[in-house]
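Just below is one structure, and these are the notes that go with it.
The values are calculated or read from the model by the stated rules, or taken from the named source; none is laboratory data. Computed from a predicted structure; not experimentally measured. Note that each Cβ is placed from the backbone with ideal geometry, even for glycine, and that neighbours are counted across all protein chains shown. For accessibility, only protein heavy atoms count, side chains too; no ligands or nucleic acids. Shrake-Rupley method; radii C 1.70, N 1.55, O 1.52, S 1.80 Å.
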Amino acid sequence: MEFVEHRQVMILGGGPAGFTAALYTARADLKPLLVTGLILYGQASQTHCIENYPGFPEGVGGRDLGQRLDEQAKRFGTEIIYDTVQCVDLQQQPFKVCLSSTNYTADSLIISMGADSRKLGVPGEREFTGRGVSYCATCDGAFYKDKDIHIVGGGDSAVEEALFLTRFARSITIIHRRDQLRAGAILENRARSNPKIHFIWDTVVREIIGADSVSHLKIENVKTGQQDTIPSDGIFISIGHTPNTGVLEGQVKLTEFGTIEIDNHMETSVKGVFAAGEIADPYFRQVVTSAGMGAAAAISATKYLSTL
Ligand SMILES: Cc1cc2nc3c(=O)[nH]c(=O)nc-3n(C[C@H](O)[C@H](O)[C@H](O)COP(=O)(O)OP(=O)(O)OC[C@H]3O[C@@H](n4cnc5c(N)ncnc54)[C@H](O)[C@@H]3O)c2cc1C
């Protein structure tokens, strides 16, 4: 395989973390190359309104924010390539990155390929995403004031999201495929003693139904096979996240959550390789935190490159 092009720094992933890293490395005159992957502007592009990104008092559309980040990064000399990383070799300097179209070498990498929320894979899920189907209570909870909503999942995140949503919703029903939660005892006790939170056990969602937005869920009891259609103003799916680390297998250390292990300077187990955003963050998973990590990774990469 021929590696024809060389860059000082490459940024792998075109979400908020990647574009922020691009902005900072471009302003450091490193002429970064950013590889967008298939989802230009990342997960945030899937939501019509981000209300919690600072500086936008009226909120900002996910795509709109992405376009602004794009424009800002390009203004200082970021080169953008609309391609996908197929493989990397981090065993020796310079690092190797192969895309579908071209192969590159780079002195430093910032990995910002994000994560995917696990999907239920049922009819209606994709159609109603952003219109009653959500994967993030912190992001979308405020849209459900006085509504009757459902959460799918039984782990810590599902229960934490349910407790958070009690600030807004009238009722929250946790639908879980087992007859007990996987969440820790303290969280479970809090949920069970909260009058707004209810449970439907041994049950899975088979279909999400609605017209303009979600209005009903078709559910099935996995023990009896009985199906019901219940009214719902919205459904939060909290069944886990999968960091996009597939192409990095065996190259960098991962955490128990499957995210890339980083130190306080965003550096991975490989010197000169940094990671930012949800691919390295199992906790916060926000646009602002991902962008912040992107800035930090870029500053670290800039310092690293000045030592070469
Ligand atoms: C529907 C929805 C609504 C949300 N609403 C909000 C909100 O209101 N407020 C908020 O703060 N957060 C919100 N979030 C969360 C927020 O979008 C994420 O925390 C943030 O986008 C993470 O940024 P990131 O750059 O780390 O990764 P991502 O946004 O996941 O971007 C990853 C990037 O990497 C690219 N990529 C993946 N694989 C490859 C590859 N092999 N090669 C090259 N590139 C690759 C993708 O194409 C993408 O561009 C929402 C998320 C969703 C799904």
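Output the Kirkwood hydrodynamic radius of the chain, Cα pairs only, in Å rounded to one decimal.
After inverting the mean inverse Cα-Cα distance, the result is 20.5 Å.
Dipole of the chain computed with +1 at Lys/Arg Cβ and -1 at Asp/Glu Cβ about the Cα centre; of T20, F95, S108, farthest Cα towards the positive end is T20. Computed on protein heavy atoms with a 1.4 Å probe, the accessible areas place D148, D263 in the order D263, D148, largest first. Compared with the direct C-alpha span, the chain from H265 to H48 gains 74.9 nm at full extension, assuming 0.36 nm per residue. Translational diffusion coefficient, Stokes-Einstein: compute it for the stretch 38-79 using the Kirkwood radius over C-alpha pairs as Rh, at 10 °C and 1.306 mPa s, and state it as an integer in µm² s⁻¹. The diffusion coefficient I find is 147 µm²/s.
Under a 1.4 Å probe, what is the accessible area of the chain per residue, stated in Å²? Could you put the intermediate results ahead of the total?
On the way: 14920 Å² over 308 residues.
So the chain comes to 48 Å² accessible per residue, rounded to a whole number.
Return the loop-located GluC sites (Glu not before Pro) in the stretch 33-84 (DSSP other than H, G, I, E, B) with at most 15 other Cβ atoms within 10 Å of their own Cβ; answer none if there are none. Don't jump to the answer; show the numbers that get you there.
Working: sites: E51, E58, E71, E79; in loops: E51, E58.
Loop-located and lightly packed - E51, E58.
Quote the charge dipole size of the stretch 133-237 about the Cα centre in Debye, to the nearest 20; the model charges only the Cβ of Lys and Arg (+1) and of Asp and Glu (-1). I would put it at about 220 debye. Modelled label positions at E256 and D179, each set 7 Å beyond Cα in the direction of Cβ, lie 2.9 nm from each other. Length gained on full extension, V4 to R75, computed as 0.36 nm times the residue gap minus the Cα-Cα distance: 23.0 nm. Over the chain, what percent of the accessible surface lies on carbon and sulfur atoms, probe 1.4 Å? It is 49 percent, rounded to a whole number. Just to be sure I understand the model, the point goes 7 Å from the Cα along the line to the Cβ. What's the resulting L305 to K147 distance in nm? For the pair L305/K147, the computed spacing is 4.3 nm. Whole-Hz Karplus values for the stretch 225-230 come out as x, 6, 10, 9, 10, 10 Hz, taken residue by residue from phi with 6.51 cos²θ - 1.76 cosθ + 1.60 and θ = phi - 60°; glycine and proline positions read x. Built from the Cα atoms of the stretch 133-237, the convex hull projects on average onto 6.0 nm², one quarter of its surface area. In a fully extended conformation the segment linking Q93 and V288 would gain 67.0 nm over its present Cα-Cα distance, using 0.36 nm per residue.
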